[in-house]
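The values are calculated or read from the model by the stated rules, or taken from the named source; none is laboratory data. Predicted model, so just to flag it, every value in this text is computed and none were measured. FYI the Cβ positions are ideal-geometry reconstructions off the backbone, even for glycines, and counts take in every protein chain you see.
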Amino acid sequence: MKLSFLVKSLAGAAAMVAMAGPALAAAQSAPSPVSLKGDVMLEKTVSENGVSKVQLVEPKVVIPGDHLLFTTRYRNEGTQAVTNFVVTNPLPSAVTLSSDAAPGTEVSVDGGKTWGQLGSLKVEAAEGGERAATAADITHVRWTIPSIAPGASGEVQYHGIVR
Amino acid sequence: MNTYNTPLRRAASIAGCSIFALSLTAPFAGTAHATGVLAGTLIENTATATYQTGAGTGTVTSNKVTVKVDELLDVAVATLSTAPATANSEPAVLVYSVTNSGNGPEAFNLAADPKISGNAFDGTIKSVVLDSNNNGIYDPGVDTVLTSGALATPVLGPDKSVKVFVLVNLPAGATDTQTSQVRLTATAQTGTGTPGTSFAGRGEGGGDAVVGLTTASANSLAALIASLANITLTKSATIADPFGTAKPVPGAVVTYSLAAKVTGSGSLDGLHVTDTIPEGTTYVPGSLKLDAAALTDGADGDAGTGGTGGIDVALGKITGGTTRTVAFSVKIN
């Protein structure tokens, strides 16, 4: 009990110091200066006067083949710039990345061990050897935001299809 | 919907993520597999970020967003018979498969309709049978005959199928080689409707049940053909008298010939050719023949018997287009 209290109090102190000056490293348990807020919407194609368009609706009813838009909003609530901000999102196993979801987004097909553009990645083929990875093989996506100014916010998104 | 300042928007673009660049694919277009994720599956998404500040590195994890996959109601019906099933005195056995192409367990009501417009005759549905031992062959006494009023498949898991036999009798008046069809329709018990119709709370795992592209109803036509046969029996006689003049005089031998000609695409089974010995004549022992091959008179291993009481030759099963000829001789007293 005593030890855990000590760690906690030290952590608190460290966080306060970190806020005050850039010299000290923030401890793991320090309140993050950045908030992450996840959200999911269902992309529903509606047809109006022969023109189809996509509406975002609450995902009340979701079936295989539906397109979901996963959004993660970030906000720098601190007083300093946050740099090299890398958002990593493991894909839920029931979701495959839509092939047109996020051109240029770095993806992983091996559980987040290696990363790259989808076109450059390979996976083991069922019949042996390797084959080019497809959108269905993607396990993780990630985005890199070079810098977030204090008070600034933004969002990253990916389009998924329910398998 | 949201407002962001320009630099941040640019930052996001550089990072390669799409902002409001929604894909224009129809919601159902991604349904590549007959069955997708099982109904009731939870889709849980969490993002984690690492970053640097002047104070060092940090990580932050988002809240978890959860979506439950609802049950898709879909079904496929196919005809497994490649050729029309034959119907004669026995019903035609039509074979179908019913597949649950949805993503949750579902039972399907079955309906067999023999009244298809344009057909030569309308068959009569004798029974609808489940292929209980899943061998694709109707096994009387083994496969489950469904009771009318409860024509339905058992609950089928996603992508699971069951074979269904529909036994169809020929109506009176159907003639040989006429064909007809029977439509088997399977409908999801939870409900049917236009794609997207949903039944709140009726899905597996407490979610909704949603009608898929198949409208949760499917059907298939299977064909049957009447395979009937007719028989004509022609009797002829030749006379051989002791003087070589073919006159029916006492002592002359009359040889009767009975030609049983079966026509049609079907066959006749259990056929017997019988005849009596005319009055004033005596059967010539050992004269009985089938297709020119001698038969013994006694009731033994061969097909015929002959004697004073007449002759009887069992022909068994004869297919259409075959003629069997029985011959025997009598002597005029």
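Quick notes
- Of residues in segment B:79-100 being small (Gly, Ala, Ser) and crowded, with 24+ Cβ neighbours inside 10 Å, the one nearest to A:GLY65 (Cα to Cα): B:ALA92
- Put simply, of B:THR274, B:THR282 the only residue that is modelled with pLDDT of 90 or more, part of a strand (DSSP E or B) and closer than 24 Å to B:ASP241 by Cβ is B:THR282.
- For segment A:78-89, the tally of residues that are touching a strand residue (DSSP E or B) at 6+ places or on another chain (Cβ under 6 Å) and more than 7 Å from chain B (Cβ to nearest Cβ) stands at 1.
- Some residue of segment B:263-271 being polar (S, T, N, Q), at pLDDT below 90 and crowded, with 16+ Cβ neighbours inside 10 Å: yes
- Filter result (in contact (Cβ under 8 Å) with a residue 40 or more places away in the chain, at the interface with chain B (Cβ under 7 Å from one of its Cβ atoms) and either surrounded by fewer than 17 Cβ atoms within 10 Å (Cβ to Cβ) or not in a strand (DSSP E or B) (or both)) within segment A:52-77: A:VAL62, A:ILE63, A:PRO64, A:GLY65, A:ASP66
- Put simply, of B:VAL77, B:VAL65, B:VAL60, B:VAL98 the only residue that is under 27 Å from B:VAL210 (Cβ atoms), within 9 Å of another protein chain (Cβ to nearest Cβ) and β-branched (Val, Ile, Thr) is B:VAL65.
- Exactly one residue among B:THR177, B:THR194 is modelled with pLDDT under 95 and either surrounded by fewer than 18 Cβ atoms within 10 Å (Cβ to Cβ) or assigned by TED's automatic domain parsing to the domain that holds B:GLY320 (or both), and that residue is B:THR177.
- Of A:GLY154, A:GLY128, all but one fail to be at pLDDT below 90, in the same structural domain as A:THR45 (by TED's automatic domain parsing) and not basic (Lys, Arg); the exception is A:GLY128.
- Subset of segment A:34-51 [of a type outside the set (A, V, I, L, M, F, W, C) and touching a residue at least 24 places away in the same chain (Cβ under 8 Å)]: A:SER35, A:LYS37, A:GLY38, A:ASP39, A:GLU43
- Listed by first and then second residue, the pairs linking a residue in segment A:124-143 that is within 14 Å of chain B (Cβ to nearest Cβ) to a residue that is in a strand (DSSP E or B) and of a type in the set (D, E, K, R), with Cβ atoms under 7 Å apart and 6 or more places separating them unless they lie on different chains, are A:ARG142/A:GLU106.
- Of all residues making up segment B:32-70, the number that are out of contact with any Ser or Thr (no Cβ under 6 Å at 6 or more places or on another chain) and either in the same structural domain as B:VAL210 (by TED's automatic domain parsing) or outside any strand (DSSP E or B) (or both): 13
- Within segment B:123-137, the set of residues being surrounded by 18 or more Cβ atoms within 10 Å (Cβ to Cβ) and either among the β-branched types (Val, Ile, Thr) or part of a loop (DSSP other than H, G, I, E, B) (or both) comprises B:GLY123, B:ILE125, B:VAL128, B:VAL129, B:ASP131.
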